[in-house]
Amino acid sequence: MLPGCSTFYLMRNAVNRKTMNWKTTLVLTSSTLFLGLGSANAIETPTDLIEKLKAAIAAKNMQAASKLVEWGHAPIPAYRIFKMSLADCFPPAQCKIEVVEMSAEHKNPQGDYKFSVVPEGELKLIDSSVGGSDGFSMPFAKVGTEYKIIIGEPTEAGFAQTKASVDARKIAEELAPDLLTGEALPADGGGTAAAYRDYLAAIARNDTNFLAQHGTEGDRYFFGTAYKSNPTKAAINLDLIRLETIKEPTIKAGYVKDNRAVLLVSGANGQGWTTEGAVTFVRESNKWTIEDKTYLSYPPLS
C-alpha cells in the first residue's frame, strides 16, 4: 500500500515533482481514500462488487478495476492512489477485501467536498502478508441500479477556492520565487520552450528512457529507479503524467536568472481540465533541460 494514504477530500490536482509532495487537498485523519466503486456489468450487491474487484486484481487487469470506479471529477492523485494501491495487490502479493462501516461524519462531510450519493460503507483492501487491519479504504454506494466506488465532489465553495488557485504566477511563486525576479524571456520562450517541447514529445511517444535521463527530478527518480523493474507501476505513472500534462501549452511568460529559468504556462490537460502551471529549467553546457514542474487545474463545472 502507499504509505500515508489518507482520507481524500477531492479538490485540487497538483503535483510538485521536485519535493515529491502531491499538493492535492488531503485531510490526514484516517487511512481512507474517499472513492466509490462502479462497474460496466450488473453489480447488484456489495458482494458482487468485491468479487469483481478480486477478479480484476487476480488478473492484474487495471482497466477492469478502474471500470468499477465512478470517477466523476476525480483529480489525478485519486487515480494515482487507487491504481498504485491496487498494483501493490497484484499477484504474487496476497490481499483481502473487507466491508467496514463508515461514521455518520464521514458519510455526510461538512466542508469543501460532498458525496453525490451517501456511502453505505467502505471496502478495505488489506495486504495479508503485512498483518493487522490497516489498509486502503474505498467508500461505496448504490448509484442507480449498481454498486460503485464513489468519489467526493467539490462543493461550490470548494470549487471556487480551487479555481482561484489555478494561476501560473501564484504557482511559480511557490515553485521558484527567485526566478520571477530574473530577466524576461522572449515571448516564445526561446530555448526553454524548445526543451519543453522535447519533454512533451517524449511523453507523447511513451519514451520512458528519455524521461529517466532527461525528465524532471521526479521522472528521473520514478522511471530511473523506483519503477525501473516494475513495468506495471511505470505504465501507471506514464498514464498519469499524460493526464496531468498540458497537451498544447500557451506560454504566458518566462524568466531567466543565471543558469535557471521558469516558464508560466496554461492550457487544457489530458483530462480536459483548465490548467496552469510553472515549469523550471536548468542550463548545462549551453543546453536547456527541464528541471521541475507544478500544475494546478480545475474541472469544467461552470
Taking only pairs six or more apart or across chains, which ones have beta-carbon atoms under 9 Å, a first residue in the stretch 76-92 that is more than 20 Å from Y295 (Cβ to Cβ) and free of Cβ contacts under 8 Å to residues at least 60 places away in the same chain, and a second residue that is surrounded by fewer than 21 Cβ atoms within 10 Å (Cβ to Cβ) and basic (K, R)?
-> P91/K60
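Considering only helices (runs of 4 or more DSSP H) fully contained in the stretch 187-264, which possess at least 2 residues that are among the basic types (K, R)? Even if it seems obvious, please write down each step before you answer.
Values: elements: 190-204, 208-214, 217-221, 231-244.
So the answer is 231-244.
Of all residues being charged (D, E, K, R) and outside any helix (DSSP H, G or I) in the stretch 164-186, which is nearest to L264 (Cα to Cα)? Just the residue, please.
First, pick out the residues of the stretch 164-186 that are charged (D, E, K, R): 167, 169-170, 173-174, 178, 183.
From what is left, the residues that are outside any helix (DSSP H, G or I) are 167, 183.
Values: D167: 9, E183: 14 Å.
Out of the qualifying residues, it is D167.
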Without any contact (Cβ under 8 Å) to a residue 40 or more places away in the chain and within 15 Å of the chain's Cα centre (by Cα) - does that describe any residue in the stretch 51-65?
-> no
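Determine whether K18 is open to solvent by 40 Å² or more (accessible area, probe 1.4 Å), in contact with an Asp or Glu (Cβ under 6 Å, 6 or more places away or on another chain) and at pLDDT below 90.
Values: open to solvent by 40 Å² or more (accessible area, probe 1.4 Å): yes; in contact with an Asp or Glu (Cβ under 6 Å, 6 or more places away or on another chain): yes; at pLDDT below 90: yes.
Against the criterion (open to solvent by 40 Å² or more (accessible area, probe 1.4 Å), in contact with an Asp or Glu (Cβ under 6 Å, 6 or more places away or on another chain) and at pLDDT below 90), K18 qualifies.
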Can you name the condition, by its number, that I149 falls short on among (1) among the hydrophobic types (A, V, I, L, M, F, W, C); (2) assigned to a helix (DSSP H, G or I); (3) within 30 Å of N108 (Cα to Cα)?
-> (2)
Somewhere in the stretch 180-201, is a residue over 28 Å from D258 (Cα atoms) and under 20 Å from the mean Cα position of the chain (by Cα)?
-> no
Within the stretch 124-154, restricting attention to residues that are more than 21 Å from the chain's Cα centre (by Cα) and either within 19 Å of S66 (Cβ to Cβ) or modelled with pLDDT of 90 or more (or both), which residue is most open to solvent (accessible area, probe 1.4 Å)?
-> T145
Identify the residue in the stretch 112-123 that is open to solvent by less than 50 Å² (accessible area, probe 1.4 Å) and not in a strand (DSSP E or B) and, among all such residues, is nearest to L238 (Cα to Cα).
-> F115
What number of residues within the stretch 265-278 are in a strand (DSSP E or B), surrounded by fewer than 21 Cβ atoms within 10 Å (Cβ to Cβ) and touching a Leu at 6+ places or on another chain (Cβ under 6 Å)?
-> 0
For G182, state whether it is surrounded by 12 or more Cβ atoms within 10 Å (Cβ to Cβ), of a type in the set (G, A, S) and within 21 Å of T216 (Cβ to Cβ).
-> yes
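The values are calculated or read from the model by the stated rules, or taken from the named source; none is laboratory data. A quick note: this is a predicted structure, and the numbers were derived from the prediction, not measured. Cβ coordinates were reconstructed from backbone atoms using ideal geometry, including for glycine residues, and neighbour counts include every protein chain displayed. Note: accessible area is taken over every heavy atom of the protein model, side chains too, but ligands, DNA and RNA are not part of it. Shrake-Rupley method; radii C 1.70, N 1.55, O 1.52, S 1.80 Å.
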